[in-house]
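For reference, the structure discussed in these notes is given below.
Please treat every number below as a calculation from the coordinates, not as lab data. Model, not experiment: these values are computed from the prediction. Cβ coordinates were reconstructed from backbone atoms using ideal geometry, including for glycine residues, and neighbour counts include every protein chain displayed.
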Amino acid sequence: DLGAFYLDVLKDRLYTCGRESPARRSAQNALYHVTQSLLRLMAPVLSFTAEEAWKIFRPAEDTVFAQVYYRLPEVPGAEGLLARWRSLREVRSKVQKILENHRAAGEIGSSLQAEVDIAASGERLELLQGLGDDLRFVLITSRAGVIPAATAADESIRAVSSKHRKCERCWHYRADVDSDPKHPGICGRCVLNLYGAGEPRSFA
């Protein structure tokens, strides 16, 4: 779950958002808590690895073997959040299978070369629409759209290769690459992240 999903999605925030942006800082904060917990859990099994990592992570503190188990901060409404993300991961898994078919056919390279449209109904529609533009970051595609489906039987996923240019900084294929003559080669959100107030990020 950590490597195949969470860290995969988190990379965009860490690499492309402004250094002091709330989006990047919140990602770093989450990773801090994950690392605090994970190194202590690893210590009895991967002793040398855990100790070496601990010396870099917390150099002013005693050995990792002198630590007690880390208590992760409680998150209000955690059960509901977990249920929502389980549903999102199911959708993401279906999208990944379709993208893999396009990749095998030579139509796309990375998933960022794809644009996805999802027809969904009921609670799934509400969930996906609620993510807004952040849905593309969950799916790791350059665009993700959501349209209503009449019933669950009418739900579908369609993926196509993007016709837009690739941003040299974030690697997303966007219509607004080169839109700012002062900053050629990069997209609008990268201009915002580098020279403006930064892009808004809420979920991914």
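Using a Förster distance of 45 Å, how high is the FRET efficiency between Asn29 and Thr151, based on the Cβ-Cβ distance and rounded to 0.05? Please list the in-between numbers first.
Values: r = 41 Å, r/R0 = 0.92.
After rounding to 0.05, the efficiency reads 0.65.
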Exercise. Mind checking which aspartates and glutamates have their C-alpha under 16 Å from Lys182, skipping anything on the same chain fewer than 8 residues away?
Worked result: Glu168
Exercise. Dimensions of the stretch 60-157 along principal axes (Cα, Å, largest first)?
Worked result: 55, 34, 21
Exercise. Taking the mean number of other Cβ atoms within 10 Å as a proxy for protection, how do you rank 86-96, 188-198, 38-48 from highest to lowest?
Worked result: 188-198, 86-96, 38-48
Exercise. Looking at [x] 55, 48, 35; [y] 78, 39, 30; [z] 52, 37, 26, which value of Cα extents along the principal axes in Å comes from a calculation on the structure shown?
Worked result: [x]
Exercise. So, by mean Cβ neighbours within 10 angstrom, what's the order for 139-150, 74-85 with the highest one leading?
Worked result: 139-150, 74-85
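Once you have a ≥ b ≥ c as the square roots of the Cα gyration tensor eigenvalues for the stretch 2-66, tell me rounded if a/c is under 1.5, and otherwise prolate or oblate according to whether a/b is larger than b/c. Can you show the working numbers first?
Numbers: a/c = 3.11, a/b = 1.85, b/c = 1.68.
Verdict is prolate for the stretch 2-66.
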